[in-house]
1. Which pairs turn up if I take residues in segment 169-182 that are in contact (Cβ under 8 Å) with a residue 60 or more places away in the chain and look for partners that are assigned to a helix (DSSP H, G or I) and of a type in the set (Phe, Trp, Tyr) with beta carbon separation below 8 Å, at least 6 apart in sequence or on another chain?
2. For residues in segment 145-174 being out of contact with any strand residue (DSSP E or B) (no Cβ under 7 Å at 6 or more places or on another chain) and surrounded by fewer than 16 Cβ atoms within 10 Å (Cβ to Cβ), which is nearest to Ile313 (Cα to Cα)?
3. Output the number of residues of segment 616-643 satisfying the condition of being open to solvent by 10 Å² or more (accessible area, probe 1.4 Å) and either touching a Phe, Trp or Tyr at 6+ places or on another chain (Cβ under 6 Å) or in a strand (DSSP E or B) (or both).
4. Given the structure, is Ile406 without any contact (Cβ under 8 Å) to a residue 40 or more places away in the chain, closer than 19 Å to Val717 by Cα, buried (at least 17 other Cβ atoms within 10 Å of the Cβ) and not basic (Lys, Arg)?
5. Failed condition for Ile52, given (1) touching a strand residue (DSSP E or B) at 6+ places or on another chain (Cβ under 6 Å); (2) loosely packed, with under 13 Cβ neighbours inside 10 Å; (3) not hydroxyl-bearing (Ser, Thr, Tyr), with all others met?
6. So, in segment 219-253, of the ones that are outside any loop (DSSP other than H, G, I, E, B) and among the basic types (Lys, Arg), which residue ends up surrounded by the fewest Cβ atoms within 10 Å (Cβ to Cβ)?
7. Mind listing just one residue for me: the one in segment 192-214 that is touching a strand residue (DSSP E or B) at 6+ places or on another chain (Cβ under 8 Å) and outside any strand (DSSP E or B) and, of those, most open to solvent (accessible area, probe 1.4 Å)?
8. Looking for something open to solvent by less than 10 Å² (accessible area, probe 1.4 Å), over 16 Å from Phe191 (Cβ atoms) and either within 19 Å of the chain's Cα centre (by Cα) or at pLDDT below 95 (or both) - is there at least one such residue anywhere in segment 352-362?
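The values are calculated or read from the model by the stated rules, or taken from the named source; none is laboratory data. Fair warning: this is a prediction, and the values are worked out from it, not measured in the lab. Glycine also receives a Cβ, built like all others from the backbone with ideal geometry; neighbour counts cover every protein chain displayed. In case anyone asks, the SASA skips ligands and DNA or RNA and just uses the protein heavy atoms, side chains included. Shrake-Rupley method; radii C 1.70, N 1.55, O 1.52, S 1.80 Å.
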Amino acid sequence: MGKFGIGQGVRREEDPRLLTGRGYYVNDVNLPGQAYTHILRSPYAHAEIRSIDTTAAKAAPGVLVVYVGADVVADDLGFPGMPAKWKRPDGQPMKYRPQPPLATDRVRYVGDPVAMVVAETINQARDAAELIDIDFDMLPSITDTAQTVAPDAPRVWDDYPDNISGMFQSGDADAAGAALAGAAHVIKRRFVISRVFANYMEPRGAIGDYDPREDRYTLYADVQYPHRVRQLLAEKIFRIPEQNVRVVSRDVGGGFGTKGWQYAEHRLTLWASRKVGRPVKWSSERSEAIQGDEHGRDNVTEAELAFDDQGKIVGLRVQTIANIGAYLSAIRNLLSVFSNVGTLIGVYNIPAAHVSVRTVHSNTNPTAPYRGAGRPEATYVIERMLDEAARELGYDPAELRRKNMIASDAMPVKTALGLTYDCGAFIENQAEALKMADYAGFPARQAASRENGKLRGIGMANPIERAASPSPDFAEVRFSTDGSTTILMGTKSQGQGHETVYKQIVGERLGLDPSDIRVIDGDTDRVAFGIGTMGSRSTVIGGSALHNASLKIEAKARKIAAHQLEASEADIEFQDGIFRVSGTDREISLKDVAKASFLPAKLPPGLEPGLYETATFAPDQDTYPNGSHVCEVEIDPETGTVEILGYKVVDDVGIMINPTIVKGQIHGGIAQGVGQILMEQIAYDPDSGQLLSGSFMDYAMPRADNFSDMEIASNEVPTQRNPLGVKGAGEAGTVGAMPALMNAIMDALSEVGVTSLDMPATPDRVWRAIRDAQDAA
């Protein structure tokens, strides 16, 4: 459809509502008679709970009840469970140490929930929480990822000899070892990927409501996969039929993976609602969020990349320590660890590879997916290694990459880490990105900066990500008696523009005007099924389900139109929402067909009345969005300040439903990647384990003046793994931004002898690295 179909960069339908204050977020939900809860959290990183005295808090004005861990244990609430059956390095089973909703005998990080106060107002609940007297016995803590495996490191869990929870391996260890042993050159490097936090615009919240008349729980929460939250609450936590739980997620002010699944506050508000007989509302404060939510990343990696004497890669070996925090509650806490290590291969021919990841506990918040969920970490390692190899072996970084890239005509190809890339134009993407960045003219620009006392560097990265992994999702297209349309989706928008994209898919297939379409998601009572939104899957899987449901609508509507037009079904043409008898001027609109579908007298014999169809789409294999990023920076050696001068991207996300939305996703992803490289970091005091970056006073966030203009071009190579040809775009920007920017920084710093720098590249760190290099010269 020309005006509002696939490929059109139309404005987002949802923006006027959201930008004029008409959004409906979880904190906007209020129920009659609701009470409010405040969660009291541990001020210590590691401590025994000797005693808890709630007497004064219970007597405070407005307080309905105060709960502690023993109350939860008494009611025998369940835990999510752990399907992964990994082993530890010593062959023993992986530790499964789920987080209790409220701590019982010990707290294990700053922010660990300890008590729950329910009161008439939120201020009364907060005031009462201050009256709870807890006798803590402080214990040694460990927050540094690299030190968790030290023999003398404080143990987070006393029943194991060390802090290692489990180990994941991929690839062929023998083949990789042999390749490295016989290589002409082996490049070895260590990389630290810092711990960060999503810092979404809307802090989390939840309202639990138990209805005794129906014996049914309703949770209102800002979650990314409502149906899976319902399933977990029903099957694992409360052990009741799934139909006895409803989850409603309306507008969500950002998620980035961190709002993905089920938090303790979800079950606590539902549980408390049943006990007090009223809805219970919890809203996270901004200052509470970093203490109370899951974090992202936090890896230390040692990598070895082997080459022959012609500059061809012959092997890769990677060993990573992945900090999963104090608890391992669900498979979610491991997703970033294992699900995307395959992309350590990148877009390169690497015949032998092996990866081992040790998951470790520490006295920090649990970690979970954060935009990219292992993809940025993997791409960071391989792309940094290629720059380091080029510098050490004397190659141009672009040329070393080009000679090792997988060619378009070599695909499909199965990599040494087991992934099967189906399509892409990796060499072409890099060539175009370098052209956009005027790579050939960089030496002249670098010389000009040098004359002005500045250091100039250029960096690149060729990211590829595993997206839309095989799992089903649901769509329904439902016409009303007046011909208007409702789309019901199993995915869940958190600001990505789903409403617009889904209307475009239906507009393309059925020729409908967007004003006649309503999109519904996030309500398990209204939408039959859904897996939700994460991993760049919504358009790939949800959009494909919607495409298939639309085809079913067209097929049934064609039968009705043929009957109405008194023509053979084979003679009916359909275009732009109009059914026509071929070669005539007789026609009827889909909207009128929909109206007729509810009138049995207007239907062909034997056809069921109504016009509503569902579809569930499950892909057979992953998709592989990819691209090429080139970043140029200038550094002031006197201050250590890094300025981004240019950022160019060529992205292949398959067919773009809405190019404007895709560019917006890439812009946002780049911003999060740049933020992590330049400034973002969750920091702890190494001695006390105290959180040092718990607010925006201490946790730096990127602003507009930290960026240059971004130029984004697209190279659409459609995949055949779904009917839309799309690959996914939600995480593409972040995956490429981290290594591209750090490579540019290291290229600039190489002029003054700096060979190593860990993120974030703050002015202080950069300045010190320059001074240390000068002192060592």
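1. Ser170/Phe338
2. Restricting to residues being out of contact with any strand residue (DSSP E or B) (no Cβ under 7 Å at 6 or more places or on another chain) and surrounded by fewer than 16 Cβ atoms within 10 Å (Cβ to Cβ), the top hit is Asp174.
3. Qualifying residue count for the region: 8.
4. Working: without any contact (Cβ under 8 Å) to a residue 40 or more places away in the chain: no; closer than 19 Å to Val717 by Cα: yes; buried (at least 17 other Cβ atoms within 10 Å of the Cβ): yes; not basic (Lys, Arg): yes.
In short, no.
5. (2)
6. Lys236
7. Pass one, segment 192-214, residues touching a strand residue (DSSP E or B) at 6+ places or on another chain (Cβ under 8 Å): 192-198, 203-211.
Among the residues that remain, those that are also outside any strand (DSSP E or B) are: 197-198, 203-204.
Working: Phe197: 1, Ala198: 8, Pro203: 30, Arg204: 5 Å².
Going through the qualifying residues, I end up with Pro203.
8. For segment 352-362, residues open to solvent by less than 10 Å² (accessible area, probe 1.4 Å), over 16 Å from Phe191 (Cβ atoms) and either within 19 Å of the chain's Cα centre (by Cα) or at pLDDT below 95 (or both): absent.
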